[in-house]
Amino acid sequence: MRNYLFLFCAACLFGHAAQAQTADSLRSEAPRYEAIWAETANPTSPYYYPTLMSRYERGDTTLTLEDFRHLYYGYPEQPGYKPLLNSPYADSLQNIFGQKTALEADDYRRMVEFARALLREEPFSMRDLNVLAFAYQMLDEPERAEAQMFKIQGIYAAIRSTGSGLREESPWYVIYMRDAEDVLNLLGAQYNKFIVLSRTVEYAPVYNMPNKRDKGYYFDYSEVYRRRPDYLDEVPKPKRRMEVNPLYNPRSSQNILPR
């Protein structure tokens, strides 16, 4: 049942992200955190964080790539940023569909409730936006589903705009470790591990790279480790990860979607 949850989203989200931003069209610039934080703290700046976040939360589809870069990379300076914390709502969301073979409207409404609770704690969680988009689609609310896809598209593009991802000196910067997994899943990458290269950079060997000369992708986790995680002392740390059905992976030879 958990795989079914992502049948809709795995195909659509990859299509939205790839259609809007190709690797060739994306800028490549590592986030300048201090400059971003100065802008997001300035009430006269167009990137003032409360204003940007308000637009993001109401699903403003005029947000640009630069807006998303300030939203995503400005978040580590916000009080809610706790990158190694797992929400207690996660288990509740899993329990909705854990043992069921079919979901009903009430299940999808509960899914919306828990996904929104998770997103209040982690507003840029692509996997929880994914769940929310799926639930809205199944409740026949396509406009709300599209709004969540737009957010994933913007986050995905912002991360990919920070480097080529193909070299240790040009990694993709993420503010949550699981975001690296989600980017790889949206790319349709086949991988099974991350290799630690330094205190901040990890490498994921990928077996189906678009260019055979490339061997995998690099991710920078520096913001995850920059702060002392005191909030973890009294909190359990279960692992969560995004699941994507391989039949709906656009790069899979098993893909059953129209080509």
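Of the residues in the range 9-29, none is at pLDDT 95 or above, surrounded by 12 or more Cβ atoms within 10 Å (Cβ to Cβ), under 21 Å from the mean Cα position of the chain (by Cα) and not small (Gly, Ala, Ser). Within the range 144-153, the set of residues being more than 13 Å from Asp182 (Cα to Cα), open to solvent by 10 Å² or more (accessible area, probe 1.4 Å) and touching a helix residue (DSSP H, G or I) at 6+ places or on another chain (Cβ under 7 Å) comprises Arg144, Gln148, Lys151.
The numbered conditions (1) outside any helix (DSSP H, G or I); (2) out of contact with any Asp or Glu (no Cβ under 9 Å at 6 or more places or on another chain); (3) touching a residue at least 40 places away in the same chain (Cβ under 8 Å) are all true for Asp182 except (1). Taken over the range 111-143, the criterion of being touching a residue at least 12 places away in the same chain (Cβ under 8 Å) and surrounded by fewer than 18 Cβ atoms within 10 Å (Cβ to Cβ) is satisfied by Arg116, Ala117, Glu121, Leu139.
Conditions tested, residue by residue: (1) among the aliphatic types (A, V, I, L, M); (2) open to solvent by 60 Å² or more (accessible area, probe 1.4 Å); (3) under 15 Å from the mean Cα position of the chain (by Cα).
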residue	(1), (2), (3)
Ala180	yes, no, yes
Val196	yes, yes, no
Val201	yes, no, no
Val206	yes, no, no
Tyr221	no, no, yes
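The values are calculated or read from the model by the stated rules, or taken from the named source; none is laboratory data. This one's a predicted model, so the numbers in the text were calculated from it and none came from an experiment. Positions of Cβ are backbone-derived with ideal geometry, glycine not excepted, and every protein chain shown enters the neighbour counts. Note: areas computed on protein heavy atoms with side chains; ligands, DNA, RNA excluded. Shrake-Rupley method; radii C 1.70, N 1.55, O 1.52, S 1.80 Å.
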